[in-house]
1. Counting only residues that are touching a helix residue (DSSP H, G or I) at 6+ places or on another chain (Cβ under 7 Å) and not in a helix (DSSP H, G or I), which one in the range 132-143 is surrounded by the fewest Cβ atoms within 10 Å (Cβ to Cβ)?
2. Residue by residue through the range 13-29, note down the ones that are outside any loop (DSSP other than H, G, I, E, B) and within 12 Å of the chain's Cα centre (by Cα).
3. (1) crowded, with 21+ Cβ neighbours inside 10 Å; (2) modelled with pLDDT of 95 or more; (3) more than 21 Å from residue 233 (Cα to Cα): which one isn't true of residue 100, the others all being true?
4. If residue 10 satisfies every condition in (1) modelled with pLDDT under 95; (2) assigned to a helix (DSSP H, G or I); (3) surrounded by 13 or more Cβ atoms within 10 Å (Cβ to Cβ) but one, which is the exception?
5. Give just the number: which of (1) surrounded by 13 or more Cβ atoms within 10 Å (Cβ to Cβ); (2) within 23 Å of residue 168 (Cβ to Cβ); (3) at pLDDT below 95; (4) out of contact with any strand residue (DSSP E or B) (no Cβ under 7 Å at 6 or more places or on another chain) does residue 114 not satisfy?
6. Can you confirm whether the range 177-186 contains a residue that is free of Cβ contacts under 8 Å to residues at least 40 places away in the same chain and under 18 Å from residue 12 (Cα atoms)?
7. On the basis of being in contact (Cβ under 8 Å) with a residue 12 or more places away in the chain, crowded, with 23+ Cβ neighbours inside 10 Å and touching a helix residue (DSSP H, G or I) at 6+ places or on another chain (Cβ under 8 Å), does residue 158 make the cut?
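The values are calculated or read from the model by the stated rules, or taken from the named source; none is laboratory data. Here the structure is a predicted model, which is why all the values come from computation and not from measurement. Every residue, glycine among them, receives a Cβ derived from its backbone with ideal geometry; neighbour counts consider all protein chains shown.
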């Protein structure tokens, strides 16, 4: 099965838009795709900024992958907090076993032939940054290791991103994860000297490919596919990726 795991340097750095753009671009190219996110929080929070409101994460990913939002994310919470706390506020409890089981179910579903075709390409998006907890002490990084998918790191292009990105990159490599690239987003049409410097410095000091994702002007699937197709996702997927067995 081919797939990618999308994480970020923090919350709100564009992980979901990157994931949706990849899914939309893959679908536009004729690929069968699927998406998984272990938990969505903050559903009671109002959308910030001007213009039309963007869908919630699981709704955007579901639309991009042409699957139901409930298939994307099994746990959805109102509170804007890390999943363990959001679950606690809702009177529930998340366990490591449940998080891994749901993710592996998504992998198994993606491996099944669809309408007589081959397996679907799976994009898994973490919640928060790489070391954010998903259940107790079990982190996004732990889930990425359990699934064995190659990693993309979404990061901001502006001030402060060098430190955040290099720390995330170091943690990922220390855990044995295969990092395909860092993706700076949203990348402006006319990047500043600072943004260009950040991109070059992360690539040089991190020894990593650094790509950029242009700003998607709307949540329309065609617009997401447009910006996503500028990324070298075919190369990132490469051959099929073996999924790690449970430990």
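1. Looking at the filtered set, the residue picked out is 136.
2. Residues satisfying the conditions are 15, 16, 17, 18, 19, 20, 21, 22, 23.
3. Failing condition for residue 100: (1).
4. Unmet for residue 10, out of (1) modelled with pLDDT under 95; (2) assigned to a helix (DSSP H, G or I); (3) surrounded by 13 or more Cβ atoms within 10 Å (Cβ to Cβ): (2).
5. In the conditions (1) surrounded by 13 or more Cβ atoms within 10 Å (Cβ to Cβ); (2) within 23 Å of residue 168 (Cβ to Cβ); (3) at pLDDT below 95; (4) out of contact with any strand residue (DSSP E or B) (no Cβ under 7 Å at 6 or more places or on another chain), residue 114 misses (2) alone.
6. yes
7. So residue 158 fails the test.
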